[in-house]
Amino acid sequence: MNKKALKLILFVCFSLLIIGVPLYTIFRQEMLLKTGQEFCFKTAPIDPFDAFRGKYVALRLEEGEIMKPPNVNLKPGQKVFAIIEVGSDGFAKISKASLTEPKGSAYLKAYVRYTSGNKLYLHLPIDRYYMDENKAPLAEKLYLRHSSSRDRQDAYVIVALSKGNAVVKKLYVGGKPVEQALQEEMNRAKGERK
Amino acid sequence: MDWEYELQSIVYSVRSPGDVHVSRNRALQYIIQERRRMNTRYVKWLYQELPEWVSKGIINAQNVDLIKQYYGRVSEGGKKRTLVILCSVLGALLIGLGIASLVAHNWDQLSRPIRAVLSIAPLIIGITLMGLALFRKEASDGFREGASTFLALMIGTSIALISQTYNIAGDPRDFTLTWMLLVVPLVYLATVTLPGVIYVIGVTIWSLSYVRESVAIASWYWPLMAIVIPHFIHIIKQEKFAVRATLLSTFLAISTGLFLTVTLSTIFPAEWMIFFPLIFSVLYLLGSYEFGGVCVHWQQPFFRLGGIGIVIVSLVLTFHWPWRRTFGMLFYGNKDIFSAAVGYIILFLLLAAAVFLNYISVKQRRVNQIILGIAPIIAIIGYSVQPLAMILFNIYFFALSLERILSGIRLKHLRIVNSGLLLLAILIMVRFFDSAINFVLKGLVLIVIGVGFLVTNIILIRRKGGE
């Protein structure tokens, strides 16, 4: 085999690799969106300064902290399986964490952030919602308004889950998709200016 | 112009063996030995000087023919090639940014499937350009470098766009590592250097982000860096890659220095005054070591970074505050056993390298290298006898500046003399501003230093002009 032919083969393999990786990601996420089980997670009160990082809204779920399993020594960064149950209010809750992959129940692959006393704080793979950064300031205000006070906490995310993997489908504030709520807010602000 | 001074300048600029007394014949012999490694501009300069040398009787016409036969034709290619590469890369970057801006403007209105397709589009364009660069006969080095840089950037852009489209959570560090591992094959596929530079920067950022959290993960820096070393060795062997070798070498020097200083400071936070001089002295001596009897262009970044690092650290160590705390033996504090082991291994290897390279300098009697190379020894002595450490470093810094001044006078090299005077002036100024001396005296001292500068320069210039 001459040098040119070898180079061509290597180039084709390399091209397939660099296209294959993103294509696989797209395929996996699309399958999750189409076939994954949907759950609603409530968002927790957040630090106003942390709410919006550039192009995305930083999400913090209420279910990021749970009771630590007894007699188990967990280290930061350790992988765990967060088992999910749906409460009577229709919102998903993480009931407990397991070191082995559970069978028969929905779960999320998560990582230990830290433990404090008998509490376990998890890093969940649901931490951001991308938006147009030009709409950032208004989106941030909306999200804060619906997340920061306990009596008006009506922001939640719809997540599709399958075999521990998750994809965020939509962020809702005040019962509406954030994009729709944002558009209404912008129209109201325009009306007030006139 | 004085031909002996010019030859000595050439010899000095490529760092000849310590003693710079050079006879005419020995200078010519040395230049001929440099053939494979000298930069084109030196050969061009030599060719320009040959007629004058013949007219002055330094060499005869036969010597001229022999020299030209040996060096061959001097091509104008070097600068032009670099310019073409730079323009290609800049063009690629601007086009990439422009496309990204156009897409970003309408991104929000696009549906998810369209966004997914557009996320792959930059890759398709990059692969097409890369294919043209690799397989078209008329494709130049510049086009190859530009196309590969564009593709390297589009790989990262594509991953980022997909993450945005599907709100994929993730550690930016994982994204960086994935991106870099996808970029590095380009370096070998196309024999290009700029993606290698991107790779070095990316791996450095990735590993530095882990140092404080996990030395075990951060230690992957070494095998990851080793991936790009075969390419580095390939380009330093060929004169036509001189600019690219120097560029990659610059980033390798900065990356290695940064990683070593951060890692050792993390593992042994109280002993930085030993590690910093040790790391910079090894870099400096590596940059000065004559591989095959001569120093080469890719060593310049190591030489400069190491030299500057030693000077700055030595200046800092002339102050009292670094030595204020009392220290015990080298310890690893509350770090785990693995981190401590890594720290000790790195330390041992650095010490071994420093001892070996210093031994070579002593054997070859290179005063300028010895004086910079012994900085870690001074630091270790200072660490052991702490009340005297500050005084020791003040004496050392003074010796450094004096060596520069004397070398410059001996070589009749104004730049070296002035650099020595500058170091001396900085030392005097910091000591004076450090102490409780009145303004009048401080002012007088500054005037004396300034006069010293001027007088030395005038004497040197007159000496050179007189000869």
Given R₀ = 30 Å, FRET efficiency for B:Trp321-B:Leu446 by Cβ-Cβ distance, to 0.05? 0.80
Can you work out the FRET efficiency for the pair B:Glu290 and B:Trp222, with r the C-beta to C-beta distance and R0 = 35 Å, to the nearest 0.05? 0.85
Are any of the pairs A:Lys79/A:Lys169; B:Lys44/B:Lys412; A:Lys79/A:Lys119; A:Lys68/A:Lys109 more than 18 Å apart by Cα-Cα distance, and if so, which? A:Lys79/A:Lys169; B:Lys44/B:Lys412
Projected label distance in nm at A:Lys141 and B:Ile233, using a 7 Å step from Cα toward the beta-carbon: 6.3
B:Leu388 and A:Leu99 label points (each 7 Å along its Cα→Cβ direction) are spaced in nm at 5.6
Among B:Ile391, B:Gly343, B:Tyr359, flag the residue with its Cα farthest along the positive direction of the charge dipole of segment B:339-447, charges on Cβ as +1 for Lys/Arg and -1 for Asp/Glu. B:Tyr359
Shielding of B:166-179 by partner chains, average beta-carbon count, 10 Å: 4
Let me check I've understood the local charge: for A:Lys68, count other residues with C-beta under 14 angstrom from its C-beta, Lys and Arg +1, Asp and Glu -1. What total comes out? +3
Taking only the C-alpha atoms, wrap a convex hull around segment B:201-315 and report its volume per residue in Å³ as a whole number. 100
What FRET efficiency would be calculated for the residue pair A:Tyr121, A:Cys13, taking the C-beta separation as r and a Förster radius of 41 Å, to the nearest 0.05? 0.45
B:Cys87 and A:Leu23 label points (each 7 Å along its Cα→Cβ direction) are spaced in nm at 3.7
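Read the figures in this text as sums done on the coordinates, not as results from a lab. What you see is a predicted model, and the numbers here were worked out from it, not measured in a lab. Methodologically, a virtual Cβ is constructed for each residue, glycine included, from the backbone with ideal geometry; neighbour enumeration extends over all protein chains shown.
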